[in-house]
Amino acid sequence: MLRIIASKSGHRTRLFNNPAITRRSLSSRNFSSITASTSTSFSKTLALLSAASLISGFVGYSLANRRDVEASASLVKPQYGSREDYARAIEDLKKTFAGDEDAVSTNADDLYSHGFSVNDYHLGTPHTVVMYPTCTEDVVKVVHIATKCRMPIIAYSGGTSLEGHFRGYHSGGICLDMSRMNKIIEIHEADSDLVCQPGVCWSDINDTLREKEIPLFFPLDPAPTATIGGMLSTGCSGTNAVRYGTGKAEWFLNATVVLPSGEVIKTRRRSRKSSAGFDTTKLFIGAEGTLGIVTEVTIRLTPVLPTAVAVVHFPDVRKATEAVREVTLSGVGIQCVELLDDLCMHALNQYGQSENSWPEKDTLLFKLQGHNKASLLESGRVVEKIVARHGGFGFKYAKDDQEAEDLWETRKNALYACLALVSGSRAWSTDVCVPVSKLPELVYETKKDLASTGLIAPMAGHVGDGNFHAALLIRNEEELKISREVVSRMVHRAIALDGTCTGEHGVGIGKKEYLVEELGPGTVELMKTVKRAIDPLGLFNPGKLYPDDSAEEKLRK
Ligand SMILES: Cc1cc2nc3c(=O)[nH]c(=O)nc-3n(C[C@H](O)[C@H](O)[C@H](O)COP(=O)(O)OP(=O)(O)OC[C@H]3O[C@@H](n4cnc5c(N)ncnc54)[C@H](O)[C@@H]3O)c2cc1C
């Protein structure tokens, strides 16, 4: 990693001027000259001395190496600018973008709304200034000014992420709102791909394709207002992942990225496949804006196929998830399988977005997929038989496309329906994922645990992937405390079942503390090494994704 970054011009000077790196090369050179001279001593004691030299060499090397670790850790010890530096940065930004009156905002509402979200439980932290770039060159200019004034940069796209990803940094920073970079640049129907800016919503892309009568779509479907830049940066997924995989599959073919050095790179060309080296696009998928700012993306599209939506209810969530396991193993055409528990169904009925009122039971929602009506019906028959074996009842198809769409739309807005259940509440949306066979145990235990706390916490999930969420509705500090404990138990349970603390929402601030337990100290250190190499000043989205050193230390001991 270091070598790759060092080969990038501009960045190289900073890395090799760093005293930490000079110290590393000197200490290893000294070590070899000492061992060489020791080993040329008296022949009788040669073996003894060699052994001693080896031991002392090993100890010396270990110490030197340990110093390297400490020194390299200090590479990211951020040296942020002072208040005066930040004031100078804002002046510079205003001067640089003088011809564009919408480019720079220090409006208090703007600063706050970009550092806060009604969708989650994290505290709001405003930014110092919000920038609205229109192109890659604008982003480069902002990065140069931020670097000069040592000011953090936090990218913001749809603002729908749920783990505090775009909160302001406590000592201030620049928020880069990508909403003016929302153009579809090229559509290549014959190649099933599309080039766009990062601020375009996935749902607008799919609407545009439909309007143009292009029978393709982009299958990653998180919040309806999420955008390509944020989706790539969180490695998102959604209801379609059971059929199409997640943002970590190859839906993002390439990305143009502004690095912290200000250099612009394109990770790969547009061909479907490339085995030219390792996958640098993936480096930015799930990096949460900590390694670069994505300014253009080529996404892959897939053919629209006929679908049908079916609903079925169960005596409990364990039976529902056991049915899912068998359905997915049967190999029938399933595009989505969603679990909505009884409380969530109640919330959806109360919310009243759907024309129908649904039985308030633990429910599975299937989106079946096939080439024609006959294959859809055949898949439906297989599913109906399997769910009946697990106690499923009331299996019913949506009566037409309108009802199917309505039902799906309702599911997509489940978070808002849940929030409306308890007036004045904030939602803590949990997100864990386990191997599918472990899901019944996890969901059942978690539902019991949630019930014992007295919290109102409807559950829903993309259970075809072993991924589920609970929306813990919080009204006060006491409930926040209880939620913290129950979420922690849920995450530990998921990790113990060989799962993850986040199936799709990402780490942000909220899941940092679990990474070492889940991934191990070595993997977390590798992630930090990449971060140090690419962003030695630690300016890109500080405080997110990487666990604090103290948490890591605790687990290492
Ligand atoms: C109602 C609701 C339903 C949801 N359902 C799902 C779901 O089914 N599946 C799922 O995966 N998620 C879901 N989410 C979470 C959310 O939609 C996803 O995390 C989504 O990918 C975030 O995209 P965004 O454009 O809103 O990004 P933002 O929230 O704006 O940003 C997310 C992160 O990406 C970084 N970032 C943004 N733009 C860039 C850029 N151009 N370059 C570099 N970094 C950047 C930000 O700094 C931040 O760290 C849901 C959220 C809500 C509110």
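The values are calculated or read from the model by the stated rules, or taken from the named source; none is laboratory data. What you see is a predicted model, and the numbers here were worked out from it, not measured in a lab. Quick reminder, even Gly has a Cβ in these numbers, built from the backbone with ideal geometry, and neighbours come from all protein chains shown. Heads up: the accessible areas ignore ligands, DNA and RNA and are worked out on the full protein's heavy atoms, side chains in. Shrake-Rupley method; radii C 1.70, N 1.55, O 1.52, S 1.80 Å.
Odds and ends about this structure:
- The orientation-averaged shadow of the Cα convex hull for the range 334-421, equal to a quarter of the hull surface, comes to 5.6 nm².
- Stokes-Einstein diffusion for the range 168-309, with the hydrodynamic radius set to the Kirkwood value over Cα pairs and evaluated at 4 °C in a medium of 1.567 mPa s, equals 83 µm²/s.
- With all protein chains modelled, accessible area of ASP342 [1.4 Å, Å²]: 60
- log10 of Debye I(q)/I(0), alpha-carbon scatterers only, for the range 463-541 at 0.18, 0.22 Å⁻¹: -0.89, -1.10
- The alpha carbons of the range 353-491 occupy a box of 54, 34, 23 Å along the principal axes, longest dimension given first.
- Pairs over the 22 Å Cα-Cα cut-off, from the set LYS319/LYS481; LYS141/LYS528; LYS373/LYS396; LYS248/LYS273; LYS361/LYS481; LYS448/LYS544: LYS319/LYS481; LYS141/LYS528; LYS361/LYS481; LYS448/LYS544.
- Quotient of Cα Rg and 2.2 N^0.38 Å for the range 431-510, N being how many residues it contains: 1.03
- Sites LYS212 and GLN350, calculated FRET efficiency, Cβ-Cβ separation with R0 30 Å, nearest 0.05: 0.20
- Separation of the range 339-387 and the range 105-132, taken as the distance between their Cα centroids, equals 38 angstrom.
- Rounded if a/c under 1.5, otherwise prolate or oblate - the range 241-295, Cα gyration tensor axes: oblate
- Shape class of the range 306-365 from the alpha-carbon gyration tensor: oblate, with a/c at 1.5 or above and b/c at least as large as a/b.
- Measuring with a 1.4 angstrom probe and ignoring ligands and nucleic acids, SER375 comes out at about 40 Å² accessible.
- For GluC sites (Glu not before Pro), the sites in the range 275-355 that DSSP calls loop and that have at most 10 other Cβ atoms within 10 Å are GLU355.
- Surface analysis of the range 130-208 yields an accessible area of 32 Å² per residue, using protein heavy atoms and a 1.4 Å probe.
- Backbone amide hydrogens, once placed in the peptide plane, bring HIS188 within less than 5 Å of ASP193, LEU194, VAL195, excluding anything fewer than 5 places away on its chain.
- Taken over the alpha carbons of the range 178-228 as equal point scatterers, the Debye sum produces base-10 log I(q)/I(0) values at 0.16, 0.19, 0.28, 0.29 Å⁻¹ of -0.41, -0.58, -1.19, -1.24.
- Here the alpha carbons of the range 241-377 define both size measures, Rg and Dmax, at 20.4, 57 Å.
- For LYS438, the aspartates and glutamates whose Cα falls under 13 Å of its own Cα, not counting residues fewer than eight places away in the same chain, are GLU322, GLU326, ASP465, ASP498.
- Ellipsoid equivalent to the range 101-232 - semi-axes via the Cα gyration tensor, in Å: 29, 18, 11
- Computed from the C-alpha gyration tensor, the three semi-axes of the ellipsoid equivalent to the range 416-464 are 23, 13, 7 Å, from longest to shortest.
- Taking the C-alpha atoms of the range 113-159, convex hull volume expressed per residue in Å³: 78
- Coupling constants for the range 170-177 follow from the phi torsions by the Karplus curve (6.51 cos²θ - 1.76 cosθ + 1.60, θ = phi - 60°), and in residue order they are 4, 8, x, x, 9, 9, 9, 7 Hz; glycine and proline get x.
- All aspartates and glutamates inside 17 Å of LYS531 as judged from Cα atoms, apart from same-chain residues fewer than 8 positions distant: ASP68, GLU70, GLU263, ASP279, GLU288, ASP548, ASP549, GLU552
- In straight-distance terms, cross-link reach from LYS212 covers every one of the lysines whose alpha-carbon lies under 24 Å from its own, apart from those fewer than eight places away in the same chain; here that gives LYS183.
- With the convex hull of its Cα atoms as the shape, the range 142-207 has an orientation-averaged projected area of 6.0 nm².
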